[in-house]
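A short write-up of the structure that comes next.
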């Protein structure tokens, strides 16, 4: 077996420790009436919401999942769709598995949350009363934060940061581009969905250009000077895509301050860059229902208690996944899934009138820098001083020096992880 | 020589308020950190930035250790006449680096 970063073993050990069940008891919050299970409403049917609904049901609660779309299109591995390496069908999942698990799935948009009355109103006017509410709404593009960029501009300069039609649009634009064209990506400052995602996308677009349009070039304009798995990405870029992929950091003038869709131009503080294909990943915020429910703060994201994921702003409402401010935890599908399980257990514990114990959470993110070249980062997190903090000495990244066979295995692990997590949530 | 990026509008109307941007790649070492040998890493910052317009100082700033690496400074001035804008950064060793740009100011005043 190939030697692996010893930190990974620490991760696995902690994983085992984290599965120990919580049995603390203390009379807390109001006990739920005896007849019938307590009612929990989950808003949002992605990795966080889908997982939460399934596990809340597993705790014996009455669970309603509110999700406007009949199917879910998953973001992880969707960069492979952008690069023409994977079909979008493989990213798409239905909700029958959750129905079979006993979750009531309602395909409506939540239009109002009344935290006082503990009631959610749906687009069709139906009201759902809840004992506790779990919000897992994901992200919205923060169009106001990037002058020139809005819904209409995204039809010309796609963000493709929510998988679906935007992913297909960017893939088609790359396909239609002539050999020799300049592709320009814009990457926002932290925090945003999937920290290593833009760099995986840059890698796979570079792979597409190298194999299909070798006279072309990719420029990545970044509002940051450092990023997730940076050394691993940059070593791979040097090896695989020399002269093809140019990363422009914040201190090299990489921050995009406005865009002009009419001329396909990205404007920085020091330059104007004209693109043949422009992929603008704008700043983001918690999806709009978070603001409606008054659980988002001035940052646009939702502050939470790190033990229960209960909102710091509205009691009885829990926020998980990309919308939450989860301290050191990144906004990833893996993190959303882990948070959902902890939150579901905490909600069940609170509804029994007991006190949840402090959790440990884990995240792992795989990124592909080429179809057969995967890298990963893992972290372990625990509540500390009111926030989720890194557990010192746990986690780590793939080794910088590793044979091609090691990278190939990690590419396989990436796909296996995706199959496993989507089967757990939607299967 | 440190790498710099500057943005001065090439043209302006007379009396127009123009924005000038200046970034220098510099570690801005605070002097408060210790190295791997436990000894203090000596302070090394840009402590002075100044802009002259045809030789006259129109903007300046004192910088301190709390200021980030790669300091990025944006300010405005009024375009009075064509000429040269010079931006200079001075570090703790007393070295000054200067970058210049030409600005052409039209005869028509800004309305």
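Which members of the range B:42-95 meet the condition of being closer than 25 Å to residue A:224 by Cα, more than 14 Å from chain A (Cβ to nearest Cβ) and in a loop (DSSP other than H, G, I, E, B)?
B:43, B:45, B:63, B:64, B:65, B:66
Of all residues in the range B:1-14 being assigned to a loop (DSSP other than H, G, I, E, B) and modelled with pLDDT of 95 or more, which is farthest from residue B:108 (Cα to Cα)?
The extreme case among them is B:8.
Which residue out of B:33, B:14 is more than 10 Å from chain A (Cβ to nearest Cβ) and farther than 24 Å from residue B:102 by Cα? Break it down stepwise before answering.
Values: B:14 fails: farther than 24 Å from residue B:102 by Cα.
After applying the criteria, what remains is B:33.
Looking only at the range B:96-105, count how many residues are within 17 Å of residue B:4 (Cα to Cα) and either part of a loop (DSSP other than H, G, I, E, B) or away from chain A (no Cβ under 14 Å) (or both).
Our first condition is that a residue be within 17 Å of residue B:4 (Cα to Cα); within the range B:96-105, this holds for B:96-102.
Restricting the remaining residues to those that are either part of a loop (DSSP other than H, G, I, E, B) or away from chain A (no Cβ under 14 Å) (or both) gives B:96-98, B:100, B:102.
Counting residues in the range B:96-105 that are within 17 Å of residue B:4 (Cα to Cα) and either part of a loop (DSSP other than H, G, I, E, B) or away from chain A (no Cβ under 14 Å) (or both) gives 5.
Quick one: would you say residue A:263 is out of contact with any strand residue (DSSP E or B) (no Cβ under 6 Å at 6 or more places or on another chain), at pLDDT 95 or above and closer than 22 Å to residue A:365 by Cα?
So residue A:263 does not fit the description; no.
Looking for something assigned to a helix (DSSP H, G or I), surrounded by fewer than 16 Cβ atoms within 10 Å (Cβ to Cβ) and within 24 Å of the chain's Cα centre (by Cα) - is there at least one such residue anywhere in the range A:100-107?
There is no residue in the range A:100-107 that is assigned to a helix (DSSP H, G or I), surrounded by fewer than 16 Cβ atoms within 10 Å (Cβ to Cβ) and within 24 Å of the chain's Cα centre (by Cα).
Can you confirm whether residue B:6 is facing chain A (nearest Cβ under 10 Å), touching a strand residue (DSSP E or B) at 6+ places or on another chain (Cβ under 7 Å) and buried (at least 16 other Cβ atoms within 10 Å of the Cβ)?
Criteria met by residue B:6.
So, residue A:220, is that one at pLDDT 95 or above, more than 14 Å from chain B (Cβ to nearest Cβ) and part of a strand (DSSP E or B) or not?
Judged against the criteria, residue A:220 is a match.
Could you grab me the full set of residues in the range A:308-331 that are crowded, with 20+ Cβ neighbours inside 10 Å and assigned to a loop (DSSP other than H, G, I, E, B)?
Matches in the range A:308-331: A:308, A:309, A:320, A:326, A:329, A:330, A:331.
Residues checked against (1) closer than 18 Å to residue A:330 by Cβ; (2) touching a strand residue (DSSP E or B) at 6+ places or on another chain (Cβ under 9 Å); (3) assigned to a helix (DSSP H, G or I):
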residue	(1), (2), (3)
A:343	yes, yes, yes
A:350	no, yes, yes
A:356	no, no, no
A:359	yes, yes, no
A:405	no, no, yes
A:412	no, yes, yes
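Conditions (1) farther than 30 Å from residue A:137 by Cβ; (2) part of a strand (DSSP E or B); (3) in contact (Cβ under 8 Å) with a residue 60 or more places away in the chain, marked per residue:
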residue	(1), (2), (3)
A:195	no, no, yes
A:209	yes, no, no
A:246	yes, yes, no
A:257	no, yes, yes
A:270	yes, no, no
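The values are calculated or read from the model by the stated rules, or taken from the named source; none is laboratory data. Computed from a prediction, not measured in an experiment: that's the story for all the values here. Glycine gets a Cβ as well: all are built from the backbone with ideal geometry, and neighbour counts include every protein chain shown.
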